[in-house]
Amino acid sequence: MPNRPSLHAVESGICFVDTVQKLNDSYMTGKTHALDWRKTQLLALKRMLVENEHDILKALKDDLGKCKTEAVVAEHGFLLSDIKHTLKHLNKWVKPRKVSTPMAAWPGKSFQQPEPLGTVLIIGAWNYPLQLLLAPYIAAIAAGNCAVLKPSELSPATSSLVAKLIPQYMDTSCVEVIEGAKDEATALLACQWDHIFYTGGEAVGKIVMTAAARHLTPVTLELGGKSPCFVDKKTNLQVTARRLVWGKWMNAGQTCIAPDYVIVEKGTEYELIDAIKLELSKQFGKNPLTSRDYGNIVNHRHLSRLQSYLEGMNVVHGGEVDEARPTMAPTIVLEPSLDSAVMKEEIFGPILPIITVNSIDDGIAFVNKRPKPLALYAFSDNDEVLDHIIKNTTSGSVCTNDTMMFMTNPELPFGGVGSSGMGSYHGRAGFDTFSHIKTVMKRSFALDVPFRYAPFSKLKLSLLKKFL
Ligand code: NAD
């Protein structure tokens, strides 16, 4: 079916129908199906990352003030290891997945055959601008697709670098980078795709899904939300605080799976706050605003949003801002009103609210009354407490006695549940997301049992029942 621009795309004067058509034409040649093509492209992407490491790290520094270690661990190195894992397992992933065949279909073979989807759209977000655009692209290539990559306009240095590098290294008949903001994204969404993979906020997620519905296009939505973190009264407080500080204040708190707020039992909050303060000074020094290891807030609009969260709050640590960078110091808010914006909206910044409850069960009830989170964390010395929390809550992912570390395991699919998203990726989950897992049954002409064919009789029916 030809791609047709929607009314809005025509109104904005932007139209990508020809781009999509060009990629569809390449796809139809069958070149992306070949395992060799997929591997060559993955190696080309690896070369792009390796040869341009310096420029990539600089772009991430320009966009978000990312220090080298964070940029390597969470973006550049993350992608290299994703490519390595994909190349290691691709031969296995593309193979037919054999299943048993019921007697009624003997002689026969049954299997599931992954096949590419076609041309896919990948829309990235600004907070990990390289990882969130290229990790889905790695999966899309592995599965044998053509792709359009749309980086976030809020991370312009990374966006323009990716737009420059991709055509230098990749097969340009099968990939296109489209830079831009809402108008470009809207025009892209008006086209017909074989899959749309979106990372970003919930409100735009709904726009993406509405646009996809027009063409019945499947979507993966990697969204956000408020990820809670339980801290039990019996926990290794020093390590808990260290890992909490690492997960909360990496990228200045602008991480979709960062602990959004902490739940502790009444009476233990001050001990925890002291431990966090000590860890903060160890990791970012006395003045984090001058620390090279501490990131920037993406822009002044987001800094103002974060500052507004602190109005009328009991700020027990931090709160200082540097307008010039721009950034906000690691900040702790104790017992915010549950009706306040800081407890209603995803914070996506360096503010950590701590709320107290009478018991872990009260904390579980609190979490379960709210939208299903993307990640959930729990710290305790007691395995029973941890298992109780895992069993009685739901979230995209859960990690105990640490924060965010599940991201290091490519065997674990990553994605949300409910309003934190749908679908998943990383490792084989990503390959499957960008594949159609086709059901295949191969029958033989041998043995053609006659009783399944009309005209039917009681005898035929009773024989058939034996095979059901
Ligand atoms: P963003 O502003 O970068 O937007 C995401 C993408 O949507 C961009 O490419 C942008 O151009 C596009 N976009 C903006 N308006 C649009 C529109 N009207 N129509 C179509 N596309 C449009 O990112 P954001 O939304 O500020 O991202 C923050 C949110 O993303 C947070 O909720 C965070 O938790 C979530 N997030 C989730 C993940 C994840 O992997 N689950 C990762 C990062 C961020």
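Test A157 against the criterion of being surrounded by fewer than 24 Cβ atoms within 10 Å (Cβ to Cβ), more than 17 Å from L87 (Cα to Cα) and modelled with pLDDT of 95 or more, and give yes or no.
Values: surrounded by fewer than 24 Cβ atoms within 10 Å (Cβ to Cβ): yes; more than 17 Å from L87 (Cα to Cα): yes; modelled with pLDDT of 95 or more: yes.
Spelling it out, A157 is indeed surrounded by fewer than 24 Cβ atoms within 10 Å (Cβ to Cβ), more than 17 Å from L87 (Cα to Cα) and modelled with pLDDT of 95 or more.
Tell me, yes or no, whether segment 356-375 has at least one residue that is surrounded by 15 or more Cβ atoms within 10 Å (Cβ to Cβ), under 16 Å from L64 (Cβ atoms) and not assigned by TED's automatic domain parsing to the domain that holds L60.
no
I'm trying to understand the selection: among the residues of segment 61-82, which are out of contact with any Leu (no Cβ under 7 Å at 6 or more places or on another chain), free of Cβ contacts under 8 Å to residues at least 24 places away in the same chain and closer than 20 Å to T327 by Cβ? Even if it seems obvious, please write down each step before you answer.
Looking only at segment 61-82, we keep the residues that are out of contact with any Leu (no Cβ under 7 Å at 6 or more places or on another chain), and these are 61-65, 67, 69-70, 72-74, 77-78, 81-82.
Then keep just the ones that are free of Cβ contacts under 8 Å to residues at least 24 places away in the same chain; that gives 61, 72-73, 77.
Residues satisfying the conditions are K61, V73.
Which residues, taken from segment 342-383, are more than 16 Å from the ligand (Cβ to nearest atom), in contact with an Asp or Glu (Cβ under 8 Å, 6 or more places away or on another chain) and of a type in the set (D, E, K, R)?
Of everything in segment 342-383, just one residue is more than 16 Å from the ligand (Cβ to nearest atom), in contact with an Asp or Glu (Cβ under 8 Å, 6 or more places away or on another chain) and of a type in the set (D, E, K, R), namely D381.
What single numbered condition from (1) assigned by TED's automatic domain parsing to the domain that holds G118; (2) out of contact with any helix residue (DSSP H, G or I) (no Cβ under 7 Å at 6 or more places or on another chain); (3) more than 15 Å from L221 (Cα to Cα) fails to hold for N401?
Of the numbered conditions (1) assigned by TED's automatic domain parsing to the domain that holds G118; (2) out of contact with any helix residue (DSSP H, G or I) (no Cβ under 7 Å at 6 or more places or on another chain); (3) more than 15 Å from L221 (Cα to Cα), the odd one out for N401 is (1).
So, restricting to helices (runs of 4 or more DSSP H) that lie completely within segment 163-277, which ones have at least 3 residues that are within 12 Å of the ligand (Cβ to nearest atom) and of a type outside the set (G, A, S)? Quick ask: steps written out before the conclusion?
Working: elements: 182-190, 202-214, 237-249.
Answer list for segment 163-277: 182-190, 202-214.
With buried (at least 24 other Cβ atoms within 10 Å of the Cβ) and under 26 Å from L132 (Cβ atoms) as the only criterion, which of I297, I276 stands out? Full working, then the answer.
Values: I276 fails: under 26 Å from L132 (Cβ atoms).
I297 is the lone residue from the list that is buried (at least 24 other Cβ atoms within 10 Å of the Cβ) and under 26 Å from L132 (Cβ atoms).
Please name all residue pairs, on different chains or six or more residues apart, with Cβ atoms under 6 Å, provided the first residue is in segment 119-133 and is near the ligand (Cβ under 6 Å from one of its atoms) and the second residue is among the basic types (K, R).
I123/K150
Picking from L188, L132, which residue would you name as being closer than 23 Å to V417 by Cβ and not small (G, A, S)?
On the way: L188 fails: closer than 23 Å to V417 by Cβ.
So the residue among L188, L132 that is closer than 23 Å to V417 by Cβ and not small (G, A, S) is L132.
The values are calculated or read from the model by the stated rules, or taken from the named source; none is laboratory data. Note that the structure is a prediction, hence the values are computed from the model and not measured. When we count neighbours, we look across all protein chains shown, and the Cβ atoms used for this are built from the backbone with ideal geometry, even at glycine.
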